[in-house]
Structures are given as C-alpha cells and as structure tokens.
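The values are calculated or read from the model by the stated rules, or taken from the named source; none is laboratory data. All of these numbers come straight from a predicted model, not from anything done at the bench. All Cβ positions, glycine included, derive from the backbone under ideal geometry; neighbour counts span all protein chains shown.
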Amino acid sequence: MGRWGLKPFENDVAEEYLVEFEYNVSIDFLKESIEEALTENYLDAYITQEALAALELVAVIKGSIDIEPYFDHFTIEDLQNKFKTQLSDDFLQVCSAALKRIGQSYDNELYDQLDEQRKWQNFLDILEDLEDRIM
C-alpha cells in the first residue's frame, strides 16, 4: 500500500510526478499538468494529484516551500534560478484557476474520497495555503 496524505507531495502519484519532472525539466511540463485540471470535465484523483504536485513545484520555484521535494539531478536553487523568470502573471492566473477548479466538489473524484473521510475542509485549507504561496 502506498502513501496518501492531503498535501501535494504526500502521495505516490506526486512522488512519481517528481521523478518524471526530473527527466522533463521544463515549465511546459508543469503547465501541461496544471492545464489538464482545467480542461477535464471530470477530475479523477490521479489528474488532481499530478496538478497539485505541479502547483507545489511552482510554489517551490517562487521560493515558498512547504514540504521540500528531493531531486537526484539538481537542487531547489537550480530549479529556482532556471525557472523563476518564466513564471508570468498569465501562468500564475492559470495556476489560481486550476486551484479553484480542484477545490470544487462537482465532478471531482478526490472530493468523493475525502468527503467520505470527512477531510474535505482540511484539503480546502491546504489549497488556500498553496494559492497564497503561489500568488
């Protein structure tokens, strides 16, 4: 059985995403994952968790780190130096829109899972914190 926590880097999907990111180090890779959360009619938990990992990486690039990710091939400082200037206002607005969509309960598998466990409000608090760190 794998890891499953409420925060963006506290699950197996996010760990796999970080490994994929190491081999696809680009803002476009992050954008793709974030935009997928906006374009899908139904948010399955996998899409949501990948988008949240990407959004957490945006916060890390901005220097607002909650849980420090581990990378084999570069440091957080390398990541910040490479991408900080690529975080346009338009891209950050897309990030904000994705967080708002992820926080909506309709057509959202993660809502169904967390509501059963009575953890949805805790999750919304984490999303609010993440948005504060991104914006």
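Out of everything in the range 57-79 that is under 16 Å from the mean Cα position of the chain (by Cα) and free of Cβ contacts under 8 Å to residues at least 12 places away in the same chain, what residue ends up being nearest to MET135 (Cα to Cα)? By that ranking, first place goes to ILE65.
Condition check for LYS82 on (1) in contact (Cβ under 8 Å) with a residue 24 or more places away in the chain; (2) more than 17 Å from ILE134 (Cβ to Cβ); (3) touching a helix residue (DSSP H, G or I) at 6+ places or on another chain (Cβ under 6 Å): one failure, at (3). Looking across the range 20-45 at every residue that is surrounded by 12 or more Cβ atoms within 10 Å (Cβ to Cβ) and of a type in the set (Val, Ile, Thr), the one that is farthest from LEU110 (Cα to Cα) is identified as VAL25. If you filter the range 59-83 down to residues that are more than 19 Å from TYR23 (Cα to Cα) and not aliphatic (A, V, I, L, M), you find that the one that is modelled with the highest pLDDT is LYS62.
When GLU56 is tested against the conditions (1) within 17 Å of VAL19 (Cα to Cα); (2) charged (D, E, K, R); (3) outside any helix (DSSP H, G or I), the lone failure is (3). If you filter the range 93-109 down to residues that are touching a strand residue (DSSP E or B) at 6+ places or on another chain (Cβ under 8 Å) and in a helix (DSSP H, G or I), you find that the one that is farthest from ALA45 (Cα to Cα) is ARG101. Scanning the range 67-77 turns up no residue that is more than 30 Å from ASP112 (Cβ to Cβ), among the polar types (S, T, N, Q) and assigned to a helix (DSSP H, G or I).
The residues on offer are ASP112, ASP129, ASP90, and the sole one that is within 18 Å of LYS7 (Cβ to Cβ), out of contact with any Leu (no Cβ under 9 Å at 6 or more places or on another chain), charged (D, E, K, R) and in a helix (DSSP H, G or I) is ASP129. Does TYR111 fit the bill of being touching a Phe, Trp or Tyr at 6+ places or on another chain (Cβ under 8 Å) and among the aromatic types (Phe, Trp, Tyr)? Criteria met by TYR111. Sub-7 Å Cβ pairs linking a first residue in the range 110-135 that is touching a residue at least 24 places away in the same chain (Cβ under 8 Å) and within 28 Å of ILE61 (Cα to Cα) to a second residue that is hydroxyl-bearing (Ser, Thr, Tyr) and outside any helix (DSSP H, G or I), at least 6 apart or interchain, are ARG133/SER64, ordered by first then second residue.
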